[in-house]
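Have a look at the structure below before the remarks.
The values are calculated or read from the model by the stated rules, or taken from the named source; none is laboratory data. Predicted model, so just to flag it, every value in this text is computed and none were measured. Neighbour counts are summed over all protein chains in view; Cβ atoms, including those assigned to glycine, are modelled from backbone coordinates with ideal geometry. Note: accessible area is taken over every heavy atom of the protein model, side chains too, but ligands, DNA and RNA are not part of it. Shrake-Rupley method; radii C 1.70, N 1.55, O 1.52, S 1.80 Å.
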Amino acid sequence: MVQGWIQIAGTLLIVLLMTPLLGGYIARVFLGEPTRFDRLFCPLERILYQLSGIRAHATMSGWHYIQAVLISNLVMAVLVFITLMLQGVLPLNPTGLGAPTWDTALHTAISFVTNTNQQHYSGETTFSYFSQVVALGFLFFTSAATGIAVAIAFIRGLTGRPLGNFYVDLTLAITRILLPISLVGAVILVAAGTPETLAAPVVVPTLENPNVQQAIALGPVAHFEIIKDLGENGGGFFGINSAHPFENPNGLTNLIQILAMIAIPTSLIYTYGIFANNRKQAWLVYGMVFGIYLVFIAIAAIAEYQGNPAINTLLGSPQPNLEGKEVRFGWAQSVLYAVTTTGTMCGAVNSMHDSFMPLSGAVQLANLFLQIVWGGQGTGTAYLFAYLILAVFVTGLMVGRTPEFLGRKIEKREVVLTSLLILLVHPIFILIPGAITLAFPEQLAGISNPGFHGLSQVIYEYASAAANNGSGFEGLADSQPAPTGLWWNLSTSVSLLAGRYIPIIALVLLADGMSRKPVVPMTTGTLRTDTGLFTGVTAGVILIMGALTFFPVLALGAIAEYFQIAGGI
Amino acid sequence: MNIQTKRRSDRKHTPKVQMAGLYTRAVRDAFSKLDPRIAVRNPVMFLVWVGTVVTALVTLDPNLFGPVNEQPNQQRLLNGLITVILFFTVWFANFAEAVAEGRGKAQADSLRATRSDTMARKVLPDGSTQSVPSTALRRGEQVQVRVGEIIPADGEVVSGIASVDESAITGESAPVLKQPGTDIASSVTGGTRVISDELLIRITADPGQGFIDRMIALVEGAERRKTPNEIALTVLLTVLTQVFLIVVATLPPLSQYVNSPTTIAILISLLVALIPTTIGGLLSAIGIAGMDRVAQFNVIATSGRAVEACGDVNTLVLDKTGTITLGNRLADELLPVHGHSLDDLATVALASSIFDETPEGRSIAQLAEKLGAKIDFDPDTAEGIEFSARTRMSGINLPDGIEIRKGAVEAIKGFVRSRGGIATPELDAAYERVSKLGGTPLAVCQGNEVFGVIYLKDIVKPGIKERFDQLRRMGVHTIMLTGDNRITASVIAQEAGVDDFIAEATPEDKIDVIRQEQAQGKLVAMTGDGTNDAPALAQANVGLAMNSGTQAAKEAANMVDLDSDPTKLIDLVTIGKQLLITRGALTTFSLANDIAKYFAIIPTIFSAAGIGSLNIMGLKSPQSAILSALIYNALIIPALIPLALQGVAFRPLTADQLLRRNILIYGLGGVIAPFLAIKLIDLIIPFA
């Protein structure tokens, strides 16, 4: 047990040390200060910009920026969809896989372009190396970079700067941040035992019966793996994701994956602190999120460590819940991985979330509902500050002034955008499709576990889509050729798109509006947002406005299941 | 130098308003607001209204929306009780608004009584008069008003001098002298009564657009538009309502799936408990009451926006005289220079003040007479020179051509130099001596010869320093404007405790200061009364005109003080802040309440799902839990009406202190109070 807690604490300590380094670096990149990669990439970028006609120094207005995001993402999604459908005739297809069903290809293209990577398929039996590396691997970088670019535009707007140029920020995010870190990370993963090959699967006789042949899937996994985690993508090369011994062979690779997942979302808060020239506020907000993160880890860790009372009775002694977990990771690393991957909207899994104890499941769901612990690539940080703006609006009136954030007044437009963004998108695109599916469980859902757990499975699937996480509780017949596959592919696609682009539009418009507002000077009559008190108030607002919406589904799902198991049923 | 001619009055309360019958009227109005066409204006409460109708239907037939398992009679009883409670929730919200409006309406009625529908004597171009109804008078026409008659409409005095009783609008019983030409005393208000002599008045407002008409419309709330903050808050409340609508509407399939079905009446109850009915029901009452508090303070605001802006003000630009110091500076000492005797100086000073009817002028004359001075000419043969803000001098031209002037030392220096005289260091020494005492030095000259300096003593208003300290704590910066020289200004500024001052200010400086502050993103408030204040009043975010001021000033300002007390600007800042704090406090309270309501309702209505352990309040039964939560939800509205109408008690604290205090009371209190109250109601009601 002590070992488990030490593993968790050690990992978190590294995260804390990493934040100012990476956060400071990201700020340097986007404040236009020189970095050591400039010599390498600047000439390349100039050629790229010239070829594509991008005026690198022209900053974009809000709508212009949104247009750039939407059009570029649409083009990428269409290209990937076509590639997936044509994979049968494209190279690097050693196993000779044909085209997936159209709805699987559509769902996959949408799921990857939205940085979600919800997978209604198993990689090794559905997609060729070409599809995985060229099509999906391409979106690994661009969708993550889109998130970072939006976050930077949001931070710029909030701190009164012009939003910048989407294409330039997208390029910088890839060349200065994602590519260098991925390169180093992939080499370490290869050294730690992750395969990186274009060779076809190895066919070997099984140990148990030499007459039976077994195909062991291989592939260019290592480079795929690191950007999968670093970019909060989460789409596994293999069906069982990071629980697969080739994706995540040992404790070291597991540690690297956790750090890769959490690195950028944590650092962006610090980056904000540099942009706003208020590191105190950055650390306070960071501390608040870290606190929630710790509480979530503790709840899940205790639940898993104590194990399932029903099984403990059979075993005659209390044992950690290891169902659906890899023994090489144990309860502690599985818990940390699960809480981190649901919190950061990565969606990679090293254990079966379906098999976690109900309270751990509740924590995972809460992460998806809140989207700020630490939240998706870039968007999580933006959400966090949108919550701050909402907290300023609700409580700021109580100091007797029109609420202000960073000296800019919070007025109708800001309230419309933040409340739409934070409060309305999620209930619409999680609860409504969830309710429809549960109204017709036989025809639509294909649930493996009826009852409370089945309810959680359905809600989790839509929450994962709307929050652009991509992990699954699973246990649903959501893949083709199951008869319910079509419904799942299409209905989650709606949540994927709405959960990605409505918030991005709202965030950019919010930032654009804020950047144009006159700044009211600070006085003793101004509500300070960089105090412990206000940070605590924000936590309360997040709890009441962000979490309470989902209290009924948690109560009827995970919490009811908890009481059911505790009651020994 | 801005000389106030009008005697300042103590704070009074305007137009005696009939408050009797306020509540009976509100009870009646609360019912008429149930009209769906009116109810739909408040989206949060309208949803409750619709819910009431639906629960009423399922009271009549519990199986209307699908068969219900439980006994129909028991269902009917529960649904009936829910219907009654929901009805009262809506009605209480209507009542809150009606009470708030009632005060304004009562005030409007008493104002309306003063509005004249009498006959007016219109002066025709040929000089003859024609009797016309006051409602037929148009802008630009002239009327004659005699003693005892009511002035038919707003206007400017063209000729005549008369006393006018303005108590109908100001509540001040002392009559006011009206005469043409002077900036301030020439404007008259329709509905006031001439009590001596007669006036010829040029009408400046068309019927229905006069000052009183606008006041009636304002206090009555006819022109009430939602303020920016109120609109933003309504958006948030509407979104929250939609969120909870989705949460509740998606519950039936979910609860059905886990075999824990529920009824439509219970779902509506959950919805009503969750949506922000408390703030939704009180929001408009808070706004109306805020306007009303301003009105009770004898200030008429042209819009709620202006009242709200008061809370946001960063900088107050204040005239020294009348605001910071008492209006009347009194001559305290005469300082002769250039070898002139005290008697000579007193004689010249007396001559210079013969036509000066200002309190300062009279005090100079009194001091001079006390020193034995007498005039040796017939005042009727002399020509009086009026003070003007441009020349900053006044005086007299004697029949023999001798010019006697008194005024600002710089102005007098310029005057004697222009006539070949000189200004000596001795004069400057006297000037500095007075300045260092915080007094106003006035130089007196005859022809090109300066005789000496009059020491006018300025008296800082008692308690003003404490007010400025409070403002500073609230983050409001104060700038004093004065025609005095730098030294005098700095002494007074220090004595009064203002943050900044501008000495030797001209009316143009006022607008420059406002523009400078606004360029830094600050909101500026100021007071003014003269026509030359009008541009600055219009430029300021909050412009408070004095009722004694000119029509131009009143039109440019967004507030008018009926008592003409510029110090009120400070009180308006606190009223504005109080309005915003009340709104924020009740919003926070309303939202914080949701935690307890969730914990009361969810575990009990889905007890079939085995989540009864979440019923941490230990409520008796699902029925009792729902009724308790709903009763709390309904009763909290009338319980908070007094707070909504009176506003959260304001304390001059810094933002951080205010936040800490209010978060404790309304945030934490809002979390805890409903837990206790719902448990208590659950214990009391006999529904098992």
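One residue stands out among those in the stretch B:531-563 that are more than 16 Å from B:Thr302 (Cα to Cα) and in contact with a Ser or Thr (Cβ under 6 Å, 6 or more places away or on another chain): the one that is surrounded by the fewest Cβ atoms within 10 Å (Cβ to Cβ), which is B:Thr531. Beta carbons closer than 9 Å, at least 6 apart along the sequence or on distinct chains, pair a first residue in the stretch A:91-103 that is closer than 21 Å to A:His120 by Cβ and surrounded by fewer than 17 Cβ atoms within 10 Å (Cβ to Cβ) with a second that is among the polar types (S, T, N, Q) and modelled with pLDDT of 90 or more for A:Thr95/A:Ser128; A:Gly98/A:Gln87; A:Ala99/A:Gln87.
If I filter the stretch A:240-262 for residues that are within 22 Å of A:Ala151 (Cα to Cα), in a loop (DSSP other than H, G, I, E, B) and among the hydrophobic types (A, V, I, L, M, F, W, C), do I get at least one hit?
Looking through the stretch A:240-262, none of the residues is within 22 Å of A:Ala151 (Cα to Cα), in a loop (DSSP other than H, G, I, E, B) and among the hydrophobic types (A, V, I, L, M, F, W, C).
Beta carbons closer than 7 Å, at least 6 apart along the sequence or on distinct chains, pair a first residue in the stretch B:251-270 that is facing chain A (nearest Cβ under 8 Å) with a second that is assigned to a loop (DSSP other than H, G, I, E, B) and among the polar types (S, T, N, Q) for B:Ser255/B:Thr262.
For the stretch A:384-408, give me the residue count where each residue is in contact (Cβ under 8 Å) with a residue 12 or more places away in the chain, in a loop (DSSP other than H, G, I, E, B) and either open to solvent by less than 10 Å² (accessible area, probe 1.4 Å) or within 9 Å of another protein chain (Cβ to nearest Cβ) (or both).
Residues in the stretch A:384-408 being in contact (Cβ under 8 Å) with a residue 12 or more places away in the chain, in a loop (DSSP other than H, G, I, E, B) and either open to solvent by less than 10 Å² (accessible area, probe 1.4 Å) or within 9 Å of another protein chain (Cβ to nearest Cβ) (or both): 4 in total.
Restricting attention to the stretch A:425-450 and to residues that are of a type in the set (A, V, I, L, M) and open to solvent by 20 Å² or more (accessible area, probe 1.4 Å), the residue that is nearest to the chain's Cα centre (by Cα) turns out to be A:Ile428. On inspection, B:Ile268 passes the criterion of being farther than 22 Å from B:Pro642 by Cα, in the same structural domain as B:Val247 (by TED's automatic domain parsing) and of a type in the set (Val, Ile, Thr). Residue check: B:Glu156 meets all listed conditions (1) open to solvent by less than 50 Å² (accessible area, probe 1.4 Å); (2) out of contact with any helix residue (DSSP H, G or I) (no Cβ under 8 Å at 6 or more places or on another chain); (3) in a strand (DSSP E or B) but one, namely (2).
The residue of the stretch B:422-478 that is surrounded by the most Cβ atoms within 10 Å (Cβ to Cβ), among those that are in a strand (DSSP E or B) and within 14 Å of chain A (Cβ to nearest Cβ), is B:Thr478. Against the numbered list (1) surrounded by fewer than 24 Cβ atoms within 10 Å (Cβ to Cβ); (2) among the hydrophobic types (A, V, I, L, M, F, W, C); (3) in contact with a Leu (Cβ under 7 Å, 6 or more places away or on another chain), A:Val416 comes up short only at (3). For the stretch B:570-604, a residue qualifies if it is more than 10 Å from chain A (Cβ to nearest Cβ), in contact with a Ser or Thr (Cβ under 9 Å, 6 or more places away or on another chain) and among the aliphatic types (A, V, I, L, M), and the qualifying residues are B:Ile570, B:Ala600. Taking the stretch B:479-507 as the range and being assigned to a helix (DSSP H, G or I) and open to solvent by less than 40 Å² (accessible area, probe 1.4 Å) as the test, the residues that pass are B:Thr488, B:Ala489, B:Val491, B:Ile492, B:Ala493, B:Ala496, B:Pro507.
If you check B:Ile231, B:Ile286, B:Ile246 for being of a type in the set (A, V, I, L, M, F, W, C), open to solvent by less than 10 Å² (accessible area, probe 1.4 Å) and within 12 Å of chain A (Cβ to nearest Cβ), only one passes: B:Ile286.
Looking across the stretch A:522-532, just one residue is in contact (Cβ under 8 Å) with a residue 12 or more places away in the chain, in contact with a helix residue (DSSP H, G or I) (Cβ under 7 Å, 6 or more places away or on another chain) and surrounded by fewer than 17 Cβ atoms within 10 Å (Cβ to Cβ), and that is A:Gly532. Go through the residues of the stretch A:557-568 one by one and say whether even a single one is open to solvent by 20 Å² or more (accessible area, probe 1.4 Å) and in a loop (DSSP other than H, G, I, E, B). Yes, some residue in the stretch A:557-568 is open to solvent by 20 Å² or more (accessible area, probe 1.4 Å) and in a loop (DSSP other than H, G, I, E, B).
Against the conditions (1) modelled with pLDDT under 90; (2) in a loop (DSSP other than H, G, I, E, B); (3) open to solvent by 50 Å² or more (accessible area, probe 1.4 Å), A:Arg328 satisfies every one except (1). Only one of B:Leu218, B:Leu199, B:Leu233 is in contact with a helix residue (DSSP H, G or I) (Cβ under 8 Å, 6 or more places away or on another chain) and modelled with pLDDT of 85 or more; which? When all the criteria are applied, what remains is B:Leu233. Please find, within the stretch A:463-521, the residue that is surrounded by the most Cβ atoms within 10 Å (Cβ to Cβ) out of those that are over 23 Å from the mean Cα position of the chain (by Cα) and charged (D, E, K, R). Ranking the qualifying residues of the stretch A:463-521, first place goes to A:Asp512. Within the stretch B:544-552, is even one residue at pLDDT 85 or above, under 24 Å from the mean Cα position of the chain (by Cα), closer than 29 Å to B:Ile459 by Cβ and away from every other protein chain (no Cβ under 14 Å)? Yes; the residues of the stretch B:544-552 include at least one that is at pLDDT 85 or above, under 24 Å from the mean Cα position of the chain (by Cα), closer than 29 Å to B:Ile459 by Cβ and away from every other protein chain (no Cβ under 14 Å). In the set B:Ile637, B:Ile631, B:Ile678, B:Ile672, only one residue is under 20 Å from B:Thr587 (Cβ atoms), crowded, with 19+ Cβ neighbours inside 10 Å and more than 10 Å from chain A (Cβ to nearest Cβ); that residue is B:Ile637. Scanning the stretch A:137-177 for residues that are more than 17 Å from A:Met345 (Cα to Cα) and of a type outside the set (Phe, Trp, Tyr) yields a total of 24. Of the helices (runs of 4 or more DSSP H) that lie entirely inside the stretch A:1-112, those containing 2 or more residues that are hydrophobic (A, V, I, L, M, F, W, C) and in contact with a helix residue (DSSP H, G or I) (Cβ under 6 Å, 6 or more places away or on another chain) span A:2-30, A:62-85. For the stretch A:433-444, a tally of residues being assigned to a helix (DSSP H, G or I) and either in contact with a strand residue (DSSP E or B) (Cβ under 6 Å, 6 or more places away or on another chain) or of a type outside the set (Gly, Ala, Ser) (or both) returns 8. Filtering the stretch A:48-72 to residues that are modelled with pLDDT under 90, among the hydrophobic types (A, V, I, L, M, F, W, C) and open to solvent by 50 Å² or more (accessible area, probe 1.4 Å) leaves A:Leu48, A:Leu51.
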